[in-house]
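Peer 1: So that we are looking at the same thing, I have put the structure below in structure tokens.
The values are calculated or read from the model by the stated rules, or taken from the named source; none is laboratory data. Please read these numbers as outputs of a predicted model, since none were measured by experiment. Positions of Cβ are backbone-derived with ideal geometry, glycine not excepted, and every protein chain shown enters the neighbour counts.
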């Protein structure tokens, strides 16, 4: 199968690219190479004859149409997105352009391509849109999101992803485009840009800096290892029912402070400092509109497609810490590009 993967130089996208190539698929990686994208993330497959890179913006109609015409993919996996909540507070319109308009442009290019396919290829074609659990809003102290949860986004980022989800369903219902959607939990693992919680903790600890925790660290997130997510996404692409949504979670909802403390303990074992890393924890002003709790019920995916996550939270966190410790040069090159873990997302007058 030839798969057009958007955002394939990003964190989750690169994991999907690496897994898809390893599984024998042909991959076209479409990425605009914005600040968090990194071609080092796909260096292991860059010379593979089944891999092609296309530098383009998903919101560029002409470029996207040309890529479809040139490569004639059998399926699309749409992961390209602006995804950091703090940045969405700083520049919300950039998120609307990338996540809403970019999805609309890609859908229309995919529809035109799909409409031109011969019957057999047309029947087999899939457009897989990869979304987030944040579109569902916040949970209280119990319960979990599933495929029937109403949408209630609370941030510019989650609202832009919700808009994209609605567009995908509209193209499916209006034009008959064969779509599938997935909504995932928080991902973690190797190659994650150091602006999200887990790589922020690790990278700042390795540099001897303070470890910021928003509020009191009581926000709860469901954690999913990126390799488990990549496996689930390719499974949904191959076997998911057209028009359906599948929620993908790790079943590991924990308070942020607990995750930070676990990371500090792993750092004490793997990269000990003069004092315990947990002593560097600093509670800082919370992010505006910070949702309290996310958790995912992945029973539908387990029941229909037989998927369960293979990586325990303890194993995944330990391996993630070890990867960043062993790849400090990767982090250093990101610092050299100008990213220094500065605080974003505080509402300005």
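Peer 1: Among the residues in the stretch 167-179, are any on the phi > 0 side of the Ramachandran plot and surrounded by fewer than 19 Cβ atoms within 10 Å (Cβ to Cβ)?
Peer 2: Checked the stretch 167-179: at least one residue is on the phi > 0 side of the Ramachandran plot and surrounded by fewer than 19 Cβ atoms within 10 Å (Cβ to Cβ).
Peer 1: When you look at residue 96, is it touching a residue at least 12 places away in the same chain (Cβ under 8 Å), assigned to a helix (DSSP H, G or I), out of contact with any strand residue (DSSP E or B) (no Cβ under 6 Å at 6 or more places or on another chain) and surrounded by fewer than 22 Cβ atoms within 10 Å (Cβ to Cβ), yes or no?
Peer 2: In short, yes.
Peer 1: Then there's this: Test each condition in (1) touching a strand residue (DSSP E or B) at 6+ places or on another chain (Cβ under 9 Å); (2) crowded, with 23+ Cβ neighbours inside 10 Å; (3) on the phi < 0 side of the Ramachandran plot for residue 189 and report the one that comes out false.
Peer 2: (3)
Peer 1: Right, another one. With within 19 Å of the chain's Cα centre (by Cα) and either within 24 Å of residue 88 (Cα to Cα) or modelled with pLDDT of 95 or more (or both) as the only criterion, which of 310, 299 stands out?
Peer 2: The unique qualifying residue is 310.
Peer 1: Within the stretch 299-316, track down each residue that is surrounded by 15 or more Cβ atoms within 10 Å (Cβ to Cβ) and assigned to a loop (DSSP other than H, G, I, E, B).
Peer 2: Selection gives 307, 309, 311.
Peer 1: Inspect all residues belonging to the stretch 154-172 and state whether any of them is assigned to a loop (DSSP other than H, G, I, E, B), touching a residue at least 40 places away in the same chain (Cβ under 8 Å), within 19 Å of the chain's Cα centre (by Cα) and farther than 25 Å from residue 242 by Cβ.
Peer 2: yes
Peer 1: Within the stretch 194-217, does at least one residue satisfy the condition of being free of Cβ contacts under 8 Å to residues at least 40 places away in the same chain and under 20 Å from residue 92 (Cα atoms)?
Peer 2: no
Peer 1: In the stretch 119-137, is there at least one residue being farther than 30 Å from residue 73 by Cα and touching a residue at least 40 places away in the same chain (Cβ under 8 Å)?
Peer 2: yes
Peer 1: Taking the stretch 116-136 as the region of interest, how many residues are out of contact with any strand residue (DSSP E or B) (no Cβ under 9 Å at 6 or more places or on another chain) and assigned to a loop (DSSP other than H, G, I, E, B)?
Peer 2: 3
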